[in-house]
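The values are calculated or read from the model by the stated rules, or taken from the named source; none is laboratory data. Predicted model, so just to flag it, every value in this text is computed and none were measured. Methodologically, a virtual Cβ is constructed for each residue, glycine included, from the backbone with ideal geometry; neighbour enumeration extends over all protein chains shown.
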Amino acid sequence: MTAPPILRSIALAMRKFKFLILLCLAVTLLLAGCSNANDPQNGVPPQTERVPSDDITPTTPEGDDLVTYGTESYRGFLLDNVYHFPSDGEIHFNVYIPESYTGSEPYALYFTLPGYEGLYFQGVGVNLRAEAFGFEAQRYNDKMIIVAPQLSDWGMTSARQTVALVRYFLSAYNIDQTKVYANGYSGGGETMSQVMGLAPELFTAYLHCSAQWDGDLNVLAQAKTPVYMAIGRNDEYYGSVRLISSYEQLVSIYREQGLKDEEIAKLVVLDVKEADYFSEYGISNQHGGGGYFAYDGELMGWLFGQNKE
């Protein structure tokens, strides 16, 4: 039975009204997100000036059906790709693959794990909008694939997923395995510290930012993967005492192995930032201010200056 014309008109008007309401809500949320992402008082780095092309055509290894690639991009990163790993479920990640990459020569590989604000349930690509590590890294090596995972937590599940994803990239792409780097900020630092307690041998070096250390230090010490630990003296979320204690434990393990102080200094660096480091940039929150480590040439230069022998 066909609805009377008046009812069809009312239904059409209601659909248009609902559409306008949803459109207004989407615009409001987008503007709010942009405002928060650029607020230095939240400890979030401002947008870097480098803006890679958004015209992305990722190189997919021939016959690779383990990854479903996304269709949208943000500042050179292809968003919301999914690695289908049988034992650890679907692993979401954003990836930057330089246009120069053809697979004919090995490229460096860099993983950057975000804080709580960048986890997958927060929204696709929010880690890239909130943190600048993935963009600033491009200044140090233009032949480097950059992976920015969006995981589900900051515990062992995400640590296992990170290891699985690293191993995928090492096998699917032509990677220079003497140049495999990682950083973790806040909750992402907790996750990456656990990765360093699972498979530190996969990495050349690791930059640990504004987080406590949850991983197995003995496993890390066996692999001797260099680690740089950076945190604010009065980090509002973690404090610095626990990370200082982890550093001292790691140094003690290396001394028990018979390493000399100068050898240990090359394997583990502790950098506790005082209040004036943050106030110089107008940052009032030391934990959120850890996001500015992406712009610190000393920290980032240390990371990308490391090479495996």
Residues of the range 70-120 satisfying the condition of being among the aromatic types (F, W, Y) and out of contact with any Ser or Thr (no Cβ under 8 Å at 6 or more places or on another chain): Y74, F77, Y83, F85, F93, Y96, Y107, Y110
Elements of type helices (runs of 4 or more DSSP H) contained in the range 118-205, each with 1 or more residues being in contact (Cβ under 8 Å) with a residue 24 or more places away in the chain and within 19 Å of K308 (Cα to Cα): 156-172, 187-195
Tally of residues being touching a residue at least 24 places away in the same chain (Cβ under 8 Å) and out of contact with any Gly (no Cβ under 8 Å at 6 or more places or on another chain) across the range 256-273: 7
Unique residue being acidic (D, E) and either in contact with a Lys or Arg (Cβ under 7 Å, 6 or more places away or on another chain) or under 19 Å from P114 (Cβ atoms) (or both) when the list is E274, E248, E256: E274
Selection count where residues are more than 19 Å from A182 (Cβ to Cβ) and either modelled with pLDDT of 95 or more or surrounded by 14 or more Cβ atoms within 10 Å (Cβ to Cβ) (or both), scope the range 72-85: 9
Exclusive hit being surrounded by 18 or more Cβ atoms within 10 Å (Cβ to Cβ), closer than 20 Å to Y181 by Cβ and at pLDDT 95 or above, set S210, S246, S240: S210
Meets criteria (surrounded by fewer than 17 Cβ atoms within 10 Å (Cβ to Cβ), within 22 Å of L151 (Cα to Cα) and acidic (D, E)) for D261: no
Hits in the range 273-291 (condition: surrounded by 21 or more Cβ atoms within 10 Å (Cβ to Cβ) and of a type in the set (F, W, Y)): F278
Subset of the range 234-268 (residues that are acidic (D, E) and within 22 Å of the chain's Cα centre (by Cα)): D235, E236
Residue among L217, L299, L270 that is over 25 Å from E136 (Cα atoms), surrounded by 13 or more Cβ atoms within 10 Å (Cβ to Cβ), in contact with a helix residue (DSSP H, G or I) (Cβ under 8 Å, 6 or more places away or on another chain) and among the hydrophobic types (A, V, I, L, M, F, W, C): L217
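Every residue, every condition in (1) of a type in the set (S, T, N, Q); (2) closer than 16 Å to Y185 by Cα, yes or no:
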| site | (1), (2) |
| --- | --- |
| R233 | no, yes |
| E236 | no, yes |
| S245 | yes, no |
| A265 | no, no |
| K273 | no, yes |
| D276 | no, no |
Tally, over the range 185-233, of residues that are more than 16 Å from the chain's Cα centre (by Cα), under 22 Å from Y120 (Cβ atoms) and among the hydroxyl-bearing types (S, T, Y): 0
Contacts under 6 angstrom Cβ, first residue in the range 64-78 being more than 16 Å from Y173 (Cβ to Cβ), partner surrounded by fewer than 13 Cβ atoms within 10 Å (Cβ to Cβ) and charged (D, E, K, R), 6 or more apart: S73/D54
Candidate set: the range 86-107, residues that are crowded, with 17+ Cβ neighbours inside 10 Å and outside any loop (DSSP other than H, G, I, E, B); chosen: the one farthest from the chain's Cα centre (by Cα): Y107
Matching residues in the range 141-151 - criterion: being farther than 14 Å from V180 by Cβ and either out of contact with any Leu (no Cβ under 7 Å at 6 or more places or on another chain) or surrounded by fewer than 22 Cβ atoms within 10 Å (Cβ to Cβ) (or both): D142
